[in-house]
Amino acid sequence: MAIQIDWYRSIEDESEPPAFSGRVRDRPASNVITVGLIGTGWQGANNVNSFLELPEARVLAVCDVDAVHLEGARAAVNRHYGNKDCALYPHFEDVLARADIDAVCLSVPDHWHGVVSIEALRAGKDVYGEKPLAHNFAEGRAICEAVRRYGRVWQTGSWQRSLAQFRLACELVRNGRLGKVRKVEVGLPGGHTDWDGKGAETRPGPPPATLDYERWLGPAPWAPYCPARVHKTWRWHSDYGGGMLMDWIGHHMDIAQWGLGFDETGPYEVEARGEFPASGALWNTAVKFRVTARYEGGIEILISGGYDDVRRGAKWIGDEGWLWVDRAGMEAGPEALLRSRIQADEIHLPRSPGHHQQFIDCVKSRRRTLTPPDVALRSATPGYLGLISMQLGRKVRWDPARQRIVDDLEAARCLARPMRSPWRLYQGVL
């Protein structure tokens, strides 16, 4: 028997979508899609540059709780367009209220994904949202429900699907070049990389005047400010992210499932173990992990991070050969597999003009993107379940059709987390 937990309130509980002053037309009348960027730090700055490169996109506004990031983004936009027209906002609600903005790009920390995404969708914006889809499964499911309800276009930042080598690798697997695939290895990074050199700065103190720290925390539990908690290294604290596992699950695990044709299904069982820092450490996510996800048909996917036994990337192992792909390229055994051509009558996966461009194209056409939210949720689910398995120290059984944990009330409760008041899904402060 499957135990059902109402860990999210169905979006159908709202009889009518709320009236937002920022609600936009269903189909942009212009060939140029206007864009607002919410979150302009590390990955956000990359997304600013990516949208600026597209002739059919026009960046009108940038938003961030850090004034340094915000000013840098505005300067980049104004420099590109040769004017001073870019508006800047410290609060995302002000971007969503603008009726002249068609789409938004969300590059906020994971703990903000659920609130900002759903408010953007309710405001009538199409969304390019960073991976993983959400901080936890329940918030990811709520995003999927909101995209369906409000009829918006969504692209997740799992941009490897837009690269030729990943598409070709998945086409070869889908078309049976490896024979029957029984095992897949997904190699992810491990550890806690101190990208900005502030890992030792854990002593609580006042936040800088340029950072709205209360806003940065948002729906996460309150905690004192320290430099090691915010910006690039928030990923290593479970209140804000999921460590390297969730930071990379939307890349190589996404490709592994794409190659298997598993965009609409998932594992029936997940078992995981991890190695964690000493109790009391600020960075508390797993530095090493092994997640085993078992699927119907005898297929097993091993997700490994921090160990040397699995090579970074995705590797499918069949009874007639193996194929490995990463951003650096592809390898196969036998090597002749790499010279195999996909015939006209075989499975062809979509060719992308580039991940951001494909999003803009879909905003115009109203077609599904390469990485819609339901696909992103499926790719992230083994990671969410792996974290729960590590936390509880036991296997987690999963119903992939109903997307629910089976016969484990304690584990089912871990699919969601409470939000700090006043933040709520569907009723964010506006």
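The values are calculated or read from the model by the stated rules, or taken from the named source; none is laboratory data. Here the structure is a predicted model, which means the values were calculated and not measured. No Cβ is skipped: glycine too gets one built from the backbone with ideal geometry, and neighbour counts run over all protein chains shown. Areas reflect the complete protein model, heavy atoms only, side chains present, ligands, DNA and RNA absent. Shrake-Rupley method; radii C 1.70, N 1.55, O 1.52, S 1.80 Å.
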- [ ] Output the number of residues of segment 339-375 satisfying the condition of being more than 22 Å from Tyr150 (Cα to Cα) and of a type in the set (A, V, I, L, M).
- [x] 4
Open item on the list: Which pairs turn up if I take residues in segment 29-44 that are modelled with pLDDT of 95 or more and look for partners that are open to solvent by 60 Å² or more (accessible area, probe 1.4 Å) and in a strand (DSSP E or B) with beta carbon separation below 9 Å, at least 6 apart in sequence or on another chain?
Closed with: Val32/Arg58; Ile33/Arg58; Thr34/Arg58; Val35/Arg58
Task: Failed condition for Cys362, given (1) part of a helix (DSSP H, G or I); (2) under 22 Å from Val291 (Cα atoms) - done: (2)
TODO: Residue by residue through segment 169-200, note down the ones that are touching a His at 6+ places or on another chain (Cβ under 8 Å), in a loop (DSSP other than H, G, I, E, B) and either farther than 26 Å from Val287 by Cβ or of a type in the set (A, V, I, L, M, F, W, C) (or both).
DONE: none
Open item on the list: Looking at (1) crowded, with 18+ Cβ neighbours inside 10 Å; (2) at pLDDT below 95, which one does Leu430 not meet, given that it meets all the others?
Closed with: (1)
Task: Candidates Arg215, Arg203 - the one that is outside any loop (DSSP other than H, G, I, E, B) and open to solvent by 10 Å² or more (accessible area, probe 1.4 Å) - done: Arg215
- [ ] Quick one: which strands (runs of 3 or more DSSP E) lie wholly within segment 80-154 and hold at least 1 residues that are open to solvent by 10 Å² or more (accessible area, probe 1.4 Å) and on the phi > 0 side of the Ramachandran plot?
- [x] none
- [ ] Go through the residues of segment 58-77 one by one and say whether even a single one is at pLDDT 95 or above, of a type in the set (Asp, Glu) and not in a strand (DSSP E or B).
- [x] yes
Open item on the list: Given the criterion of a type in the set (A, V, I, L, M), farther than 15 Å from Met244 by Cα, open to solvent by less than 40 Å² (accessible area, probe 1.4 Å) and over 25 Å from the mean Cα position of the chain (by Cα), identify the matching residue among Ala314, Ala293, Ala332.
Closed with: Ala332
